[in-house]
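Below is one structure, written out as structure tokens; the observations come after it.
The values are calculated or read from the model by the stated rules, or taken from the named source; none is laboratory data. All figures in this text were calculated on a predicted structure; none of them were measured in a lab. Positions of Cβ are backbone-derived with ideal geometry, glycine not excepted, and every protein chain shown enters the neighbour counts. Calculation scope for accessible area: heavy atoms of the full protein, side chains included, ligands and nucleic acids excluded. Shrake-Rupley method; radii C 1.70, N 1.55, O 1.52, S 1.80 Å.
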Amino acid sequence: MAEFQDPCALSEDLAALAYKNYGETSERRESLLREMRERIQALPEEMDRLKDLSDKNLIRFLRCRKFDIDRAVKLAVDAKRFYIENANILKGLDGKETVMFDGEHENVFQVYRNVDTSGKVVVVLRPSRFIQAIHSDRGAKILSEDPDAMLRLLVWQFHNLCQDPHVQVGGLVMLNSFEDCSFFDSFSFVNVMTVPQRGILIKHLQICGIRMKGVYVFREPSIISALFFLLKQFMSQKLRDRVSFCGSDYSAVSSVVAGDLMGLPELFGGSVDDSKARPENSLKSFGAMDRSGEGYVWDP
């Protein structure tokens, strides 16, 4: 008989960090996951009960709330209500829209692990490349066929990120630079999603189980600052406080990313040439890929 494998087990380094951050041990994890499952099953309203009560699905909430069982259960309830409220938009979610960022466009959205010495995962978004992707023949076709395609794609990406143990344990930092963006690029970036769609995405970020440690925006045009003013209504005060507009001051990266930064792209103070896609930093490196041909069923 095959030996039982704990789907929530961590590598030695991550386990040490999890114990330091919130006292996680395998015994405590198993006990609290069991209690969390029982408490969700006992909720009187079906609309408050997640369907997927596997350890792999629940652990994101428990780690996000630093093993505070009451707050973890509440977050899971908030997530289930979000899925119900947005069922029409999320129906059949399987990542097929990620093909917009395949091939030459895989360097739009990049993930950097093992750069921050305190364990945070760094995600880099380059809007100038993003605009190239959505204006490609493939991107334009997908967006013309489904006005919710970009929202679905981003929900899919962050859903996969929140299940990455590196993100669960160390938290996430986002670096976003409008370097090389023309006014048209910035305008296109703003208009690819409506304000209500962005509100749904922000809500998802706040309930999916990601510990957002900071969002840093560089070379932001005025239209982006105006958009943020509109989007604040969807953000908790905690999230608002973690969004920083830095202009041309890229030294701000060192205030949120611990270490020498050398593993980051050159634009952010590192030594990595990110002009071409690097497989280890792509969407596929954390599972956010098209699963439409694998019989995958979105049913959290």
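Quick one: which residue in ARG60, ARG81 is open to solvent by 80 Å² or more (accessible area, probe 1.4 Å), among the basic types (Lys, Arg) and either under 17 Å from VAL167 (Cα atoms) or free of Cβ contacts under 8 Å to residues at least 60 places away in the same chain (or both)?
ARG81 is the lone residue from the list that is open to solvent by 80 Å² or more (accessible area, probe 1.4 Å), among the basic types (Lys, Arg) and either under 17 Å from VAL167 (Cα atoms) or free of Cβ contacts under 8 Å to residues at least 60 places away in the same chain (or both).
What are the residues in segment 278-300 that are at pLDDT below 85, more than 17 Å from the chain's Cα centre (by Cα) and loosely packed, with under 13 Cβ neighbours inside 10 Å, if any?
PRO279
Mind listing just one residue for me: the one in segment 63-78 that is open to solvent by 50 Å² or more (accessible area, probe 1.4 Å) and in a helix (DSSP H, G or I) and, of those, farthest from ALA42 (Cα to Cα)?
Of everything passing the filter in segment 63-78, ARG71 is farthest from ALA42 (Cα to Cα).
Considering segment 141-185 alone, what residues qualify as being touching a strand residue (DSSP E or B) at 6+ places or on another chain (Cβ under 6 Å), open to solvent by 20 Å² or more (accessible area, probe 1.4 Å) and part of a helix (DSSP H, G or I)?
Scanning segment 141-185 gives a single hit, HIS166.
Give the residue that is farthest from HIS159 (Cα to Cα), with candidates limited to residues of segment 117-127 that are open to solvent by 10 Å² or more (accessible area, probe 1.4 Å) and in contact with a helix residue (DSSP H, G or I) (Cβ under 9 Å, 6 or more places away or on another chain).
Taking the candidates together, the pick is SER118.
List the pairs whose first member sits in segment 182-196 and is in contact (Cβ under 8 Å) with a residue 60 or more places away in the chain, whose second member is surrounded by fewer than 16 Cβ atoms within 10 Å (Cβ to Cβ), and whose Cβ atoms are under 9 Å apart, counting only residues at least 6 apart or on separate chains?
Final answer for the pair search is PHE189/ILE223.
Is there a residue in segment 194-204 that is over 28 Å from LYS141 (Cα atoms) and of a type outside the set (Val, Ile, Thr)?
Taking every residue of segment 194-204 in turn, none turns out to be over 28 Å from LYS141 (Cα atoms) and of a type outside the set (Val, Ile, Thr).
Based on what the data block shows, is GLU27 of a type in the set (Asp, Glu), part of a helix (DSSP H, G or I), at pLDDT 95 or above and within 30 Å of TYR83 (Cα to Cα)?
Judged against the criteria, GLU27 is not a match.
Search segment 84-102 for residues being open to solvent by 10 Å² or more (accessible area, probe 1.4 Å) and small (Gly, Ala, Ser), and hand back the single one that is nearest to ASP299 (Cα to Cα).
If we take residues in segment 84-102 being open to solvent by 10 Å² or more (accessible area, probe 1.4 Å) and small (Gly, Ala, Ser), then GLY92 is nearest to ASP299 (Cα to Cα).
What number of residues within segment 18-36 are loosely packed, with under 14 Cβ neighbours inside 10 Å, more than 11 Å from ILE69 (Cβ to Cβ) and of a type in the set (Lys, Arg)?
Count: 1.
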